[in-house]
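Participant: Below is the structure I would like to discuss, written out as C-alpha cells.
The values are calculated or read from the model by the stated rules, or taken from the named source; none is laboratory data. As the structure is a computational prediction, the values presented were derived from the model and not from experiment. Because the Cβ atoms are built from the backbone with ideal geometry, glycine has one as well, and the counts that use them run over all protein chains shown. The protein model used for the area step is the full one, side chains on, heavy atoms only, and it has no ligands, DNA or RNA in it. Shrake-Rupley method; radii C 1.70, N 1.55, O 1.52, S 1.80 Å.
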Amino acid sequence: ESPGRYADVLLRIGVLCDSCEDAERAEDAKHEQEMAASRRNQRHLERTLQSGMPDHLRGCNSKTLDRDIFNAEGLDAGRAWAQGEIKGLLLTGTVGSGKTATAAAAANSFMYRAALRWFSVSRMMAQARAGFKNPARDDLYDVLLNPRVALVLDDIDKAKATEFAREILFQAIDERVNYATPLLVTTNATYIELEENYGEPIASRLGGYCKPVNMGGTDRRLQK
C-alpha cells in the first residue's frame, strides 16, 4: 500500500508535516492517474479486438501517418469525428490516397471513447449471403440493424451494386442517420457514381449526414 493512502491519518496524529503531506498527496494523484490510464488502455484494447478492424490497421493514428496537403483535411475531419464533433464522415478519393488508413486512425482514436464495428464492405456482403442460421450472418445483421452501434464501412463501392447489396447498405446507413449514430464511410466513387450505382436514397443520406472530404495525391502504396 502507498503511504499516501494514510496521509490524512498521519497528519492528524502529527506524524506528517505539511510538506510531507503535499508529497504524499501528489504520489496518490499520480497513482490514480496511472491506474486510470491503464483502465482506459485496457478498454481500448478490448474494443479494438471486438471491432473487426484488420490487424494491420490497428496501429494507425495521426502520428504514424505522414501529413501532407492531400490528407490534412481528412486527418482533421477524422479527429473531429473521433471526438464526437461530427456524426458522419465520408472520405472519397482515388485508389491509394490514404482513405482507409485515415479512417483507421479515426476509428482507433474513437475507441478510446466508445466501441464501434468495422466492415470491409465486399467481405461484409459475402458474410450477408451466408445461409440462414449461420452465426456469422446473424451477428452481422445484429450489428448492422442495431442503430446504437457506431459503424465504419470501408470501400463501400467494392460491393457489387445488386439489389441485395443496396438493401443491406440502405438499412445500415438509414439506421445511423435516424438515430444520429457515428458513421464513417470510405469510397473511391464520387457522389454521382454512388447515386448511379447504389441509388439516390443511399447517396442522399450519405451526402446529407456525412461531412464529405476528398483525398487526392498519388498512390501512397506505390510510393512506399
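Participant: Specify the residue with the greatest mean-square fluctuation among Arg123, Arg205, Arg166, computed from a Gaussian network of the chain linking alpha-carbon atoms under 10 Å apart.
Facilitator: The residue with the greatest mean-square fluctuation here is Arg123.
Participant: Let me know the charge dipole size of the chain about its Cα centre in debye, to the nearest 20, where only the beta-carbon of Lys, Arg (+1) and Asp, Glu (-1) is charged. Let's see the in-between values first.
Facilitator: Details: 30 positive and 32 negative charges, 121 e Å.
About 580 debye.
Participant: On to the next question. How long are the semi-axes of the ellipsoid equivalent to the range 98-160, from square roots of 5 times the Cα gyration tensor eigenvalues, in whole Å, largest first? Display every interim value, and only then the final one.
Facilitator: Numbers: eigenvalues 100, 50, 11 Å².
The equivalent ellipsoid of the range 98-160 has semi-axes of 22, 16, 8 Å.
Participant: Give me the percent relative contact order of the range 104-224, please, defined on Cα pairs under 8 angstrom at least 6 residues apart.
Facilitator: Values: 124 pairs, mean separation 27.6, N = 121.
For the range 104-224, the relative contact order is 23 percent.
Participant: Lys/Arg Cβ at +1, Asp/Glu Cβ at -1, dipole of the range 122-202 taken about the Cα centre: which of Thr162, Ala130, Val177 is farthest positive-ward?
Facilitator: The Cα lying farthest towards the positive end belongs to Ala130.
Participant: Tell me, what % of the accessible area of the chain is carbon and sulfur with a 1.4 angstrom probe?
Facilitator: Numbers: 6410 of 12410 Å².
Exposed carbon and sulfur together represent 52 percent of the surface.
Participant: Within 10 Å, at most 15 other Cβ atoms, and a DSSP state outside H, G, I, E, B define an exposed site. Report the longest part of the chain free of exposed GluC sites (Glu not before Pro).
Facilitator: So the longest stretch without any such site is 86-224.
Participant: Also: Please list, ordered by chain and number, the residues whose modelled amide H lies under 5 Å from the amide H of Ala130; skip anything fewer than 5 residues away on the same chain.
Facilitator: For Ala130, no residues qualify.
Participant: Give the lysines whose C-alpha is closer than 23 Å to that of Lys99, dropping any in the same chain fewer than 8 places away, or say none.
Facilitator: Reachable lysines: Lys63, Lys87, Lys158, Lys160, Lys211, Lys224.
Participant: Which order do Ile173, Ile69 take by accessible area at a 1.4 Å probe, largest first?
Facilitator: Working: Ile173 0, Ile69 145 Å².
Sorted by accessible area, descending: Ile69, Ile173.
Participant: In the chain, once you exclude exposed chymotrypsin sites (Phe, Trp or Tyr not before Pro) (DSSP loop, at most 15 other Cβ within 10 angstrom), what's the longest stretch remaining? Don't skip to the end; give the middle numbers.
Facilitator: Numbers: sites that count: Tyr112, Phe132.
Looking at the chain, 1-111 is the longest stretch - no exposed chymotrypsin sites (Phe, Trp or Tyr not before Pro) with at most 15 other Cβ atoms within 10 Å.
Participant: Suppose we look only past 20 Å in the calculated P(r) of the chain. What percent of the Cα-Cα pairs does that tail hold? The partial results should precede the final answer.
Facilitator: On the way: 15905 of 24976 pairs.
In whole percent, the share of Cα-Cα pairs in the chain beyond 20 Å is 64.
Participant: Now for a separate question. Using modelled amide H (1.01 Å from N, peptide plane; none on Pro or chain starts), what sits under 5 Å from the amide H of Arg117, excluding residues fewer than 5 places away?
Facilitator: Amide H to amide H, under 5 Å and 5 or more residues apart or across chains, Arg117 pairs with Ala150, Leu151, Val152.
Participant: Sort the range 124-195 into rounded, prolate or oblate with this rule: let a ≥ b ≥ c be the square roots of the eigenvalues of the Cα gyration tensor; rounded if a/c is under 1.5, and if a/c is not under 1.5, prolate when a/b is larger than b/c, oblate otherwise.
Facilitator: oblate
Participant: For a test of the definition: using alpha carbon positions, the gyration tensor, and the 1.5 limit on a/c, classify the range 101-224 as rounded, prolate or oblate. Show your work: numbers first, answer last.
Facilitator: Details: a/c = 1.37, a/b = 1.22, b/c = 1.13.
It is rounded, given that a/c, with a ≥ b ≥ c, falls under 1.5.
Participant: Quick one: accessible area per residue over the range 36-124, 1.4 Å probe, rounded to a whole number of Å²? All intermediate terms of the calculation are to be shown ahead of the outcome.
Facilitator: Values: 4440 Å² over 89 residues.
Result: 50 Å² of accessible area for each residue.
Participant: Next up: Using the Cα centre of the range 49-133 as the reference point, and only Cβ charges (+1 on K/R, -1 on D/E), how large is the resulting charge dipole? Debye, rounded to the nearest 20.
Facilitator: 460 debye
Participant: What percent does the relative contact order of the chain come to when contacts are Cα pairs within less than 8 Å and at least six residues apart?
Facilitator: Relative contact order comes out at 25 percent.
Participant: For the range 144-186, what does the accessible surface come to per residue with a 1.4 Å probe? Please give it in Å². Provide the component values of the computation, followed by the final result.
Facilitator: On the way: 1710 Å² over 43 residues.
Per-residue value: 40 Å².
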